[in-house]
Amino acid sequence: MALKRDGCGFYDETHTQFRETVRRTLTDQVAPHIRDWEKAGMPSRSFWHSCASAGMLCPQVPEQFGGPGLDFTYNAVVAEELGYLGFPPPVLVHSDIVADYLIAYGSTEQKQRWLPVMVSGDAIGAIAMTEPGTGSDLKAIRTVAAPDDEGFLLNGTKTYITNGASADLIIVVAKTDIGAGARGMSLLLVSGDSEGLTRGKPLDKVGQHCGDTTELFFDNVRVPSENLLGEPGQAFGYLMAQLAQERLAIAVSAQATAQRAFDEAVIFTSERSAFGQRIIDFQNSRFKLAGLKAELQVGWAHIDWAIARHVCGELTGAEASAAKFWHTELQGRCCDQALQLHGGAGYMNEYPIARLWKDSRVTRIFGGTNEIMLEVLGRTL
């Protein structure tokens, strides 16, 4: 089973060749190991090196820092193929978020140190925003990086951190000026082997079991001044600027997962019979699938529009929020309806739809809850 992407104006022959490489890597070197990685709670390091060999990691990194210097359309190919496989978001966090912050705000020295090893899969990236007491309300974070003559002394706790257990580089959002509100927040690059950094055990999640998610504890972690990412006090603005790509990447992956759920339902109902006819021949089944097919058709058109605008630098934060909201809601509907059409079989883990359904629920929460997406949109009215 493979994702069909026809009629997209910005995908050319080079994208097609890249997609074939990505798909072959996922089929041969990822899909056979998903069950094992779910039991382990994270993919192995070999996963990252396999992705690197296929050119899947950090496509936007410039050539001078070890990358291919491509645009976001190649990130989108990776997101689509991973989404269609139903693989959780470690690569998207690494490539579409962490690498993008470094490209946008990193010093030459920071880029030289981290980007080549992120492209090669030798270093895994994570970003630490969420805390036990705050999620979407970033202004309310309590992690503090107190400035001193040597740099910063970092203290605080972060939670629900994707790649947290395996990360070699963590971008930490912290307050460097407690009394300055949003203007007192900065981004710090924290090495995974920093003294005072403790990782909690993998969190027990409903789904996405092969994507590691942990708590991070910072106890007097010494961060040198050269590890400040960008300018001091500018983190909130940086976060708002970069959230558009993060939310678009989530939307792209969600659309592809929705398509996979639909395709699984069509195959299952075409092969399964009841009362002397195929499940798909019942009017209810056809109408349910026809409705989803129409929504998916609209969804792909919207995704293509959003990707094209982002590549041109025109996608607004509100538009990205709308995409994240609409496509993750569609993902939820498709996965739920596809499981229902499987009947009891859909609730069995041996069928792909079970994992797709479990793993999809959180996409309406991470990257900013869908309620926050509506709030962002509401402010544009």
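Derivation of every value follows stated rules applied to the coordinates shown; laboratory data play no part. Everything quoted here is computed from the prediction, not taken from an experiment. Neighbour counts run over all protein chains shown; Cβ positions are idealised from the backbone, glycine included.
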Would you mind checking the pairs Lys158/Lys205; Lys4/Lys324; Lys139/Lys205; Lys175/Lys324 and listing those with alpha carbons more than 24 angstrom apart?
Lys139/Lys205; Lys175/Lys324
Cα-based radius of gyration of segment 293-350 once divided by 2.2 N^0.38 Å, which approximates compact folds
1.46
Å³ per residue of the Cα convex hull, for segment 44-130?
95
Using just the alpha carbons, could you tell me how many Å³ per residue the convex hull of segment 212-262 encloses?
131
Taking 0.36 nm per residue of separation between Asp177 and His33 and subtracting their Cα-Cα distance, the length gained on full extension comes to 47.3 nm
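If you average the sequence gap of Cα pairs under 8 Å that are 6 or more apart and divide by the length of the chain, what percent do you get for the contact order?
On the way: 681 pairs, mean separation 61.2, N = 381.
Relative contact order, the chain: 16 percent.
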State, to one decimal in nm, how far the label point of Asp149 lies from the label point of Gln112, with both points 7 Å from Cα in the Cβ direction.
2.8
Based on the Cα atoms of segment 126-232, what semi-axes does the equivalent ellipsoid have, where each is the square root of 5 times one gyration tensor eigenvalue, given in whole Å with the largest first?
23, 16, 11
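For segment 236-378, what does the alpha-carbon gyration tensor say about shape, rounded, prolate or oblate, given a ≥ b ≥ c as the root eigenvalues, a/c under 1.5 as rounded, and a/b over b/c as prolate?
Numbers: a/c = 3.03, a/b = 2.22, b/c = 1.37.
Since a/c reaches 1.5 and a/b is larger than b/c, the shape of segment 236-378 is classed as prolate.
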The chain: calculated mean residue ellipticity at 222 nm from DSSP helix runs of at least 4, using -39500 (n - 2.57):
-15000 deg cm²/dmol
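For segment 178-303, calculate the relative contact order in percent as a whole number, restricting contacts to Cα pairs under 8 Å that are 6 or more residues apart.
Values: 101 pairs, mean separation 29.3, N = 126.
Over segment 178-303, the number comes to 23 percent.
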Each residue of segment 57-70 in turn: what ³J(HN,Hα) in whole Hz from Karplus with 6.51, -1.76, 1.60 and θ = phi - 60°, glycine and Pro shown as x?
8, 6, x, 7, 5, x, 4, 5, 10, x, x, x, x, 9
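First obtain the Kirkwood hydrodynamic radius of the chain from its Cα pairs, then insert it into the Stokes-Einstein equation at 25 °C and 0.890 mPa s, and state the resulting D in µm² per second as a whole number.
Details: Rh = 21.4 Å.
The estimated diffusion coefficient comes to 115 µm²/s.
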Computed for the chain: size of charge dipole around the Cα centre, +1 on C-beta of each Lys and Arg, -1 on C-beta of each Asp and Glu, debye to nearest 20, value 1140
Checking Asn155, Asn284, Asn220 against a Gaussian network model of the chain (alpha-carbon springs below 10 Å), the top fluctuating residue turns out to be Asn284
Residues whose placed amide H lies under 5 Å from that of Ser166, excluding near-sequence neighbours:
none
